[in-house]
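Note sheet for the following structure.
The values are calculated or read from the model by the stated rules, or taken from the named source; none is laboratory data. The structure displayed is predicted, hence computed values, not measured ones. When we count neighbours, we look across all protein chains shown, and the Cβ atoms used for this are built from the backbone with ideal geometry, even at glycine. Surface areas here come from the heavy atoms of the whole protein model, side chains and all, with no ligands, DNA or RNA. Shrake-Rupley method; radii C 1.70, N 1.55, O 1.52, S 1.80 Å.
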Amino acid sequence: LSESGYQQRSKRVVYENPWLRFEAHDIVHPTGLPGVHGVVVTPPASAVVLCDGDDVLLVRQARFAVDAIVLEVVKGGRAGDETALECATRESREEAGVTAKRWIALGSTYEIPSIVEHPVALFLGLDLAPAPLAPEEVERIDVVRMRLDDALAACAGGRIDDAVTAIALLRAQH
C-alpha cells in the first residue's frame, strides 16, 4: 500500500518513444474500488526564470498538445545523467541563448500530479551572459523580454497560462 493509499497490482507500457512512456496501472483506489490509471513517465525536467535586472526572459514556442503558441519560462528534460542544474544551464543556452553566473534553486513543482510522474526542478538564473547553443532541430523559439511584474500580471490575467511558468515566476519574486 502506498503513502497515498493506492495499491498497484500491475502495470504495462502502452506507448513509448525517446521523450516519454505511457503506462497503464491496474490499481485499487484508496476507497477499495479497482481501477486503471494512466501515468506519463518523462525524464526529470528543469525550468528556469532568467532574470536580467527587473526583466525576465521568457520563450514563446509552439506546443503540439494544446495546438497553441505558449509563452513560458525556459524548460526541458534532462539528457542522460545530467543534474537538474546542468539541464537548466543547457536549456537556457539552447532556448534563450544565455547562461547565468549565479543560480538559485527554487524547489520543484509537479506539472500534472495525477498523471505525470516526475516533478520539475525550478531555478532562478541571475547575472546573465550571452552563451548561445543551437536549439533542437524541431524547436523554433522566440525570446520575449518583459518586466517580472508584467509577467506576474500576465499570469494572473490569463495571458500566461502555463502552470510551471506561473509557479516559477511566483517563487522568483521572493
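Key figures
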{"quantity": "Region 59-174: C-alpha gyration tensor shape, a/c 1.5 cut-off, then a/b vs b/c", "calculated": "rounded"}
{"quantity": "Accessible solvent surface per residue of region 108-162, calculated while the other protein chains remain in place, 1.4 angstrom probe, Å²", "calculated": "63 Å²"}
{"quantity": "Residues with amide H under 5 Å from that of residue 56, placed H, sequence gap 5 or more", "calculated": "146, 147, 148"}
{"quantity": "For the chain, built as a Gaussian network whose Cα springs stay under 10 Å, the top-fluctuating residue of 135, 34, 119", "calculated": "34"}
{"quantity": "Part-to-part distance (alpha-carbon centres) for region 1-36 and region 60-132, which is given in Å", "calculated": "27 Å"}
{"quantity": "Whole-percent carbon and sulfur share, accessible surface of the chain, 1.4 Å", "calculated": "54 percent"}
{"quantity": "Residue-by-residue Karplus 3J(HN,Hα) for region 138-146, coefficients 6.51, -1.76, 1.60, Hz, glycine and proline x", "calculated": "8, 9, 10, 10, 10, 8, 10, 9, 8"}
{"quantity": "Largest to smallest accessible area among 99, 31 [probe 1.4 Å]", "calculated": "31, 99"}
{"quantity": "Inter-probe distance in nm under a simple model that places probes 7 Å from Cα toward Cβ, at residue 16 and residue 110", "calculated": "2.4 nm"}
{"quantity": "Distant-in-sequence amide H partners of residue 108 (H built 1.01 Å from N, under 5 Å)", "calculated": "122"}
{"quantity": "Charge dipole (the chain, unit charges on Cβ, about Cα centre) - positive-most of 15, 125, 57", "calculated": "15"}
{"quantity": "Estimated translational D of region 1-107 in µm²/s (Stokes, Kirkwood radius over Cα pairs; 10 °C; 1.306 mPa s)", "calculated": "95 µm²/s"}
{"quantity": "5 angstrom amide H check on residue 97, placed H, neighbours 5+ away", "calculated": "133"}
{"quantity": "Selected from 2, 89, 43, residue furthest toward positive end of dipole (region 1-127; charges at beta carbon)", "calculated": "2"}
{"quantity": "3J(HN,Hα) from dihedral phi, region 7-24, Karplus parametrisation 6.51/-1.76/1.60, rounded to Hz, x for glycine, proline", "calculated": "10, 8, 8, 6, 8, 9, 7, 8, 8, 8, 9, x, 9, 7, 9, 10, 10, 10"}
{"quantity": "Listed peptides 8-14, 82-88, 141-147 by packing density, highest first (mean Cβ within 10 Å)", "calculated": "82-88, 141-147, 8-14"}
{"quantity": "Cα-centred dipole magnitude for the chain, charges only on beta-carbon of K, R (+1) and D, E (-1), debye, nearest 20", "calculated": "260 debye"}
